1. In the range 1-71, which strands (runs of 3 or more DSSP E) lie fully inside it and hold 3 or more residues that are more than 23 Å from the chain's Cα centre (by Cα)?
2. I'm trying to understand the selection: among the residues of the range 222-234, which are among the aliphatic types (A, V, I, L, M) and within 16 Å of the chain's Cα centre (by Cα)?
3. Hey, could you check the range 128-160 for residues that are outside any strand (DSSP E or B) and either under 14 Å from the mean Cα position of the chain (by Cα) or basic (Lys, Arg) (or both) and say which is farthest from residue 260 (Cα to Cα)?
4. Conditions: (1) on the phi < 0 side of the Ramachandran plot; (2) open to solvent by 10 Å² or more (accessible area, probe 1.4 Å); (3) not in a strand (DSSP E or B). Residue 163 meets all but one. Number of the miss?
5. Within the range 325-334, does at least one residue satisfy the condition of being open to solvent by less than 60 Å² (accessible area, probe 1.4 Å), under 20 Å from the mean Cα position of the chain (by Cα), at positive phi and of a type outside the set (S, T, N, Q)?
6. What number of residues within the range 269-305 are under 30 Å from residue 71 (Cβ atoms) and open to solvent by 40 Å² or more (accessible area, probe 1.4 Å)?
7. Of all the residues that make up the range 5-33, how many are open to solvent by less than 50 Å² (accessible area, probe 1.4 Å), under 15 Å from residue 78 (Cβ atoms) and touching a residue at least 40 places away in the same chain (Cβ under 8 Å)?
8. Out of the range 132-148, which residues are touching a residue at least 60 places away in the same chain (Cβ under 8 Å) and either of a type in the set (S, T, N, Q) or crowded, with 23+ Cβ neighbours inside 10 Å (or both)?
Amino acid sequence: MKLATLSNGSRYGELVVVSTDLKRYVSANDVAVTMRDAIDNWSKAEPGLQALSDKINGDASVGEAFDVTKAMAPLPNPSQWADGSAYVNHVELVRKARGADLPASFWEDPLMYMGAPDAMLGANQDVEVGSESWGIDMEAEIGVICDDLHMGISPDDAADKIKLIVLLNDVSYRALIPGELAKGFGFFQSKGATAFAPVAVTPDELGDHWADGKVHRDMLVHYNGDAFGKANAGVDMTFNFPKIVAHAAKTRHVAAGAIIGSGTVSNKDSDGTPGKPVRDGGLGYSCIAEIRMIETINDGAPKTEFMKFGDQVRIEMLNDDGSTIFGAVDQKIVKFG
């Protein structure tokens with residue numbers, strides 16, 4: 001099934017069930033008023049939501065037109081937002097660009113930081129930024145929404161707790177990151193609001209492309225209208241979702257409604273090189289920082305600038321027939337104030 005949250009004037013919107021083709025929706029009010037209500041009581045809500053999904057997908061006359069511009073983040077009020085770094089290729093490039101070796105533990109123990117669960121943007125909301133000097137960057141990622149996780153849960157058990165999958169843009173301010181990390185406390189101001197594609201999907205919506213706890217589809221990124229990235233989210237993913245979900249619950253219980261992110265989707269090219277731009281026949285990138293790292297490694301300094309006010313980013317994932325799976329994150333960078 002596919003679920004979305006439509007703006008209705010309230011803080012957390014109205015939960016709706018969306019047709020597979022994203023053309024129509026029906027209200028889920030009789031089952032759960034909000035997405036948080038649904039995920040907090042998933043075992044009770046799921047049968048009713050599935051019945052609505054079967055109804056709208058079985059009869060083209062059912063439902064109203066779905067307007068993606070009215071969609072909020074699918075889960076506007078998660079219990080927490082934690083982002084991993086499952087693609088070690090990305091981490092390796094970051095460290096190599098500054099002349100640092102990659103510790104062996106990075107291949108065995110996932111990196112993770114806790115983000116801001118109160119800064120969830122809809123797919124078409126502008127990203128408000130105080131200054132271009134912050135080093136504005138997109139990060140195209142996959143995330144999962146989980147049921148309750150008990151402390152110390154195993155990856156095998158964590159796999160059953162993954163209820164929904166989302167597509168997102170984890171906005172980063174690269175120029176602020178070094179100063180914050182130097183303090184030894186991690187990210188805070190250097191991470192902006194996170195934007196989500198309009199719908200969250202249950203894993204079965206992906207069919208065989210959800211396998212081994214990974215989404216085996218291309219992450220399509222367009223930057224100011226040009227193809228920027230097409231890395232496959234299932235390739236070069238060192239830690240699958242069950243592994244990073246279990247990592248989030250290693251030392252404490254995690255309440256239902258947590259969103260756990262994959263980190264920036266990143267592939268090496270087929271010849272094993274760090275990656276080439278799409279225009280040069282490569283798989284491109286899911287963030288600007290990565291191409292800057294490669295430019296630094298190859299040429300001694302980066303050439304590609306970070307995002308400016310007025311820049312547009314579009315992030316999407318498609319089925320084999322070209323139809324959209326989650327809808328697209330399609331947003332502009334604007335100056336706040």
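The values are calculated or read from the model by the stated rules, or taken from the named source; none is laboratory data. Being a predicted model, the structure only gives us computed values, none of them experimental. Glycine also receives a Cβ, built like all others from the backbone with ideal geometry; neighbour counts cover every protein chain displayed. These accessible areas exclude ligands, DNA and RNA; they are computed on the full protein's heavy atoms, side chains included. Shrake-Rupley method; radii C 1.70, N 1.55, O 1.52, S 1.80 Å.
1. Ranges flagged: 24-27.
2. Result: 231, 233.
3. 138
4. Failing condition for residue 163: (3).
5. The answer is yes; a qualifying residue exists.
6. Of the residues in that region, 1 qualify.
7. Of the residues in the range 5-33, 2 are open to solvent by less than 50 Å² (accessible area, probe 1.4 Å), under 15 Å from residue 78 (Cβ atoms) and touching a residue at least 40 places away in the same chain (Cβ under 8 Å).
8. Selection gives 136, 137, 138, 139, 140, 141, 142, 143, 144, 145, 146.
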